[in-house]
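Inspection log for the structure reproduced underneath, given as C-alpha cells.
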C-alpha cells in the first residue's frame with residue numbers, strides 16, 4: 001500500500017509543479033517539489049528498490065523539464081545518499097535535521113545547474129546568472145519542505161491506517 005501512496009504522491013507533485021505552480025507569481029520559479037518526496041522516501045526506506053524508483057522519478061522529471069538530462073536523476077540520488085548517510089548519525093525525526101537536509105537538497109540542485117552552465121558556457125556566464133533566484137528557491141525550500149515532509153508523512157500514516165481498516169472490513173465481511 002505504501003507503493004500506491006508514493007505513486008499517487010509522485011503524480012500529484014509532478015502535476016502540481018508543472019501545471020498549477022507556474023501560474024502563481026510567487027511560485028513561478030519554485031524549487032523542485034519532488035525533493036519532498038525524495039526526502040520522505042529516504043527517511044523511511046533503505047531498500048535498493050528505492051534507488052530504482054528515484055531513478056525512474058528522475059527520468060520523468062528530466063523528460064518534462066528544460067534542464068540537462070540526468071540533472072534530476074543525479075540530484076535525487078545525491079539527496080537520497082546524503083539523507084541515508086546523515087540519518088545514521090543524527091536523530092532524523094527532528095525538525096532541524098529535516099530543515100538542514102532540505103536546504104542542502106536545494107543547494108545540490110542549484111549547484112548542479114551552476115556546474116552544467118559552467119561546463120557548457122564557461123566561467124563568464126556563471127557570473128551573469130540570477131543568484132537572487134537561487135536564494136529565493138533556497139528560502140522557499142527551507143520554508144516549505146520541512147512542513148511538506150511532515151504533512152506527507154502524516155498522510156502516509158493515515159493511508160496505512162485506512163488500508164488496514166479496509167483490509168479488516170473485507171476480511172470480516174467475506175470470511176464466510
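Below is a table of values for the structure above.
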| quantity | calculated |
| --- | --- |
| Helices (runs of 4 or more DSSP H) enclosed by segment 67-176 - at least 2 residues per element that are touching a residue at least 40 places away in the same chain (Cβ under 8 Å), more than 17 Å from the chain's Cα centre (by Cα) and under 22 Å from residue 53 (Cα atoms) | 131-173 |
| Among the residues listed as 135, 108, the single one being closer than 15 Å to residue 36 by Cβ and at pLDDT 85 or above | 108 |
| Any chance residue 13 is in contact (Cβ under 8 Å) with a residue 40 or more places away in the chain, within 16 Å of residue 144 (Cα to Cα) and part of a helix (DSSP H, G or I) | no |
| Search result, residues across segment 37-66 that are touching a residue at least 12 places away in the same chain (Cβ under 8 Å) and either touching a strand residue (DSSP E or B) at 6+ places or on another chain (Cβ under 8 Å) or within 19 Å of residue 111 (Cβ to Cβ) (or both) | 38, 39, 42, 54, 58, 61 |
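The values are calculated or read from the model by the stated rules, or taken from the named source; none is laboratory data. Just so it is clear, the structure is predicted and the values come from calculations on it, not from any experiment. As a convention, Cβ positions derive from the backbone with ideal geometry for all residues, glycine included, and neighbour counts pool all protein chains shown.
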